[in-house]
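Since every read-out is calculated from the coordinates, none of them should be taken as a lab result. Owing to the predicted nature of the structure, the values given are computational and were not obtained by experimental measurement. Backbone-built Cβ (ideal geometry, glycine too); neighbour counts: all protein chains shown.
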Amino acid sequence: MMMHDLKWSLLLIGLLALAPICSAQECLSPSPTTLAGGRSYDPIKDRELTPDERNTLQNLLKSLDGEWRGVSDTFFCKSISDPDDVEPRHYTIKAKARVDRYGNLLIEAELYDPENRSSHQETLRLYLNNKRLRIDHDTGAGDVELIEVSDHKIAFLYRRVNPTGKATGSSRSEYFFTLSAGERSLTIEQQLYVQAKLSSGYAWQLKR
């Protein structure tokens with residue numbers, strides 16, 4: 001890894017560690033990429049996993065197999081100019097994680113909103129095929145840029161281009177994803193930046 005890339009990765013890790021994701025103060029704040037001097041619309045730096053990284057991720061994902069319960073806190077930034085205009089939501093979660101013979105992870109979760117007495121389903125897929133870590137899609141569309149891989153943590157970013165339906169064309173979305181596992185605990189966090197500004201995020205806090 002080049003020294004510039006190493007410094008950039010370390011800065012991203014530090015910025016993500018310092019920011020609590022469900023804070024209204026974060027709305028419209030610049031993405032970690034921007035703060036690190038990068039451009040959130042550039043192509044991601046995807047790559048193959050090293051053999052050690054693949055083994056580490058296989059063991060980590062395999063350890064998650066089973067049933068989980070916990071809570072989810074989410075936020076949605078409603079305004080394009082007012083960082084205090086935020087909609088928070090709190091859910092309880094029942095989730096089941098399954099790992100197939102190839103090491104791919106599927107988490108199916110039911111989230112219940114006690115305030116509105118409503119529920120919905122969410123699905124998370126992480127793939128380890130073809131020497132790569134991917135999210136949602138086991139193709140190039142699911143490629144990610146690795147930030148951290150360890151025995152108990154995965155952190156990466158990925159980007160999407162979404163059509164707006166307007167003459168201006170499309171919006172660019174950047175996602176920062178972190179999964180941290182303890183002996184009997186699991187935390188999954190994701191932050192979405194649209195046009196390099198924080199738009200929404202969630203944190204799942206789960207236990208066996």
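Tabulated data for the structure shown
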quantity	calculated
Relative exposure of 48, 148, judged by other C-beta atoms within 10 Å (fewest first)	48, 148
Cα Rg, Dmax, region 3-203, angstrom units	17.1, 51
Region 90-133: GluC sites (Glu not before Pro) falling in loop per DSSP and having at most 16 other Cβ within 10 Å	115
68, 204 arranged by Cβ crowding within 10 Å, fewest neighbours leading	68, 204
Order of 50, 74 under a 10 Å beta carbon neighbour criterion, fewest first	50, 74
FRET efficiency, residue 117 to residue 48 (Cβ-Cβ, R0 45 Å, nearest 0.05)	0.45
Residue-by-residue Karplus 3J(HN,Hα) for region 73-88, coefficients 6.51, -1.76, 1.60, Hz, glycine and proline x	10, 10, 8, 9, 7, 7, 10, 8, 9, 10, x, 8, 8, 10, 10, x
Cα convex hull volume per residue for region 96-188 (Å³)	148
In range of the label at residue 35: residues from region 178-208 whose backbone nitrogen is under 18 Å from the point 7 Å along Cα→Cβ	178-179, 189-203
Most mobile of 191, 121, 58 in a GNM of the chain (Cα contacts under 10 Å)	121
Within region 65-108, trypsin sites (Lys or Arg not before Pro) in DSSP loop having at most 11 other beta-carbon neighbours inside 10 Å	101
Spin-label model distance (nm) - residue 137 vs residue 82, 7 Å beyond Cα toward Cβ	3.7
Helix-only mean residue ellipticity at 222 nm for the chain, each DSSP H run of n ≥ 4 adding -39500 (n - 2.57), per residue, nearest 500	-5000 deg cm²/dmol
Low-density loop cleavage sites - trypsin sites (Lys or Arg not before Pro) in region 115-200, where at most 13 other Cβ are within 10 Å (DSSP)	117, 166, 184
Amide hydrogen neighbours beyond the local backbone of residue 85, cut-off 5 Å, H modeled	79
